[in-house]
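Contents: one structure, followed by commentary.
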Amino acid sequence: MKKIALHWQIMIGMILGILFGFLMTTFSWGKGFTGDWIAPLGTIFVNLLKLIAVPLILASLIKGISDLKDISKFKLIGGRTIVIYILTTVIAITIGLLMVNVFKPGNGITPETIEKLTAEYAGNAKISERIAEASKQKESGPLQFVVDMVPQNAVKAMSDNKMMLQVIFFAIFLGISMLLIKPSQSEPLKKFFDSLNDVVLKMVDLIMLSAPFAVFALLANVVVTSDDPDILFALLRYAGVVVFGLALMILFYCILVAVITKKSPLWFLKQISPAQLLAFSTSSSAATLPVTMERVEEHIGVDKEVSSFVLPVGATINMDGTSLYQAVASVFIMQVLWPEGLTFSNQITIVLTALLASIGSAAVPGAGMVMLVIVLEAIGFPSDKLPIGLALIFAVDRPLDMLRTTINVTGDATVSMIVAKSVGKLGEPKVKEWDDHYDDVK
């Protein structure tokens, strides 16, 4: 498969994984076999990506900042990044609200479907867990997310991928401190992180050799563990509105790429497609981050000074796909269970709450539902109906999670290109292969 482009290899793996999954559902032993012998391959792959995420962020961000030589450049990059991320998130939420108000997917849900979904999912342990997590976040003070960014122990922060913001804070703090001492004093440490960055990127290349087989395993497991097809069909209209909104976001990104960076949107999508396909397969922008950074830097040409800050921050706070989903899901639930709550003021509250909830939310599967609970509670949704509301959308949450994570990653890559273009750091791609120096050591 060496002559086939990586994105086609991954696509073939996904298609075969889906077909294999459907085949396994026809056998009584198929689900068990897939879970025991196929799914672990995908889990190992995701674990490998998570394994190198923190070292890559640390090395890449410190290298990027220490290469700047001028601290004002970092302020410029940081300020533009945050502003653009906020703007794209607001646009995503607005698109979601427009779609759900125009198509009104909640009007097609029958009382029988509500009853069936409630019986199936209302007492689900995962739903209860999401509600509890959201309650904990809601009880926090308005500046708690800022407090949470500052680690008490840098080593402990690096031990947990959920503490990504703390790792970013430490890396930025260390990188700026290196700029503020004599170059002769910082040079040994800079060389260490430069070397570490190159080694970790090579690890990404090696891990990606197994990507087609990994996505085969991940998608096969998704299919064999999917929910009742009848329930999925009943929610098809709601899912279709979310998918249509996400497709509009891709179109929006392509317009930004064409107008601002003067690059071909099709070229952009082709270069970022391996990261998109992995985001779809893993439902985790944090796990996909090493691949996103490798594609953006080597295949698109964004300078490391920009990508090393924009992409790790984006994986944590930029969740355009998830924010769009918040808007559609919250209004859909109100259309079914609480139509009197569909006021203009509540929909403005949804925009603001979804925007704030996306900052600091974990870039892992399931975080979107926690954010949804926060949004619903902010508009005064009846607490007794909350489990029923989550039950309405739980059956299709995983496939939609896969799609919205793809949008999140695409948004991160788009913003990195825009910021790089604005500061003159968007150059020509310099692709590195895993075996560039293999002949020297074999």
Notebook entry, point to check: Does any residue in region 243-260 that is in contact (Cβ under 8 Å) with a residue 40 or more places away in the chain come within less than 7 Å, Cβ to Cβ, of a residue that is among the β-branched types (Val, Ile, Thr) and surrounded by fewer than 19 Cβ atoms within 10 Å (Cβ to Cβ) six or more places away or on a different chain, and which pairs are these?
Noted result: 252/91
Next item on the list: Quickly run through region 64-76 and pick out the residues that are surrounded by fewer than 22 Cβ atoms within 10 Å (Cβ to Cβ) and under 26 Å from the mean Cα position of the chain (by Cα).
Entry: 74, 75, 76
Notebook entry, point to check: Does region 326-347 include one or more residues that are closer than 14 Å to residue 408 by Cβ and in contact (Cβ under 8 Å) with a residue 40 or more places away in the chain?
Noted result: yes
Next item on the list: Give 389, 380, 368 a once-over and let me know the one that is farther than 11 Å from residue 329 by Cα and among the small types (Gly, Ala, Ser).
Entry: 380
Note to self: So, in region 1-25, how many residues would count as being farther than 20 Å from residue 294 by Cβ and either surrounded by fewer than 19 Cβ atoms within 10 Å (Cβ to Cβ) or not aliphatic (A, V, I, L, M) (or both)?
What the structure shows: 12
Checklist line | Those residues of region 136-190 which are loosely packed, with under 11 Cβ neighbours inside 10 Å, of a type outside the set (Val, Ile, Thr), at pLDDT 90 or above and in a helix (DSSP H, G or I), in sequence order | finding: 184, 185, 188
Next item on the list: Read through the list (1) free of Cβ contacts under 8 Å to residues at least 24 places away in the same chain; (2) surrounded by fewer than 16 Cβ atoms within 10 Å (Cβ to Cβ), then give the number of the only condition that residue 128 fails.
Entry: (1)
Check: Looking at region 96-122, which of its residues are buried (at least 17 other Cβ atoms within 10 Å of the Cβ), of a type in the set (A, V, I, L, M, F, W, C) and under 19 Å from residue 351 (Cβ atoms)?
Finding: 97, 99, 100, 103
Note to self: Restricting to region 65-87, and then to whatever is closer than 10 Å to residue 176 by Cα and not hydrophobic (A, V, I, L, M, F, W, C), can you tell me which residue is modelled with the lowest pLDDT?
What the structure shows: 69
Next item on the list: Could you list, in sequence order, all residues of region 364-396 that are over 25 Å from residue 340 (Cα atoms) and of a type in the set (Asp, Glu)?
Entry: none
Item checked: Condition met for residue 278 (more than 30 Å from residue 39 (Cα to Cα) and within 20 Å of the chain's Cα centre (by Cα)) -> no
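Quick check on my filter: what residues within region 293-323 are of a type in the set (S, T, N, Q) and not in a helix (DSSP H, G or I)?
318
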Check: List pairs: first in region 106-117 and within 9 Å of residue 234 (Cα to Cα), second among the polar types (S, T, N, Q), Cβ under 9 Å, 6+ apart or cross-chain?
Finding: 109/335
Checklist line | Total residues in region 26-38, condition at pLDDT below 95 and surrounded by 16 or more Cβ atoms within 10 Å (Cβ to Cβ) | finding: 2
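The values are calculated or read from the model by the stated rules, or taken from the named source; none is laboratory data. Quantities reported herein were computed from a predicted structural model and do not represent experimental measurements. Glycine gets a Cβ as well: all are built from the backbone with ideal geometry, and neighbour counts include every protein chain shown.
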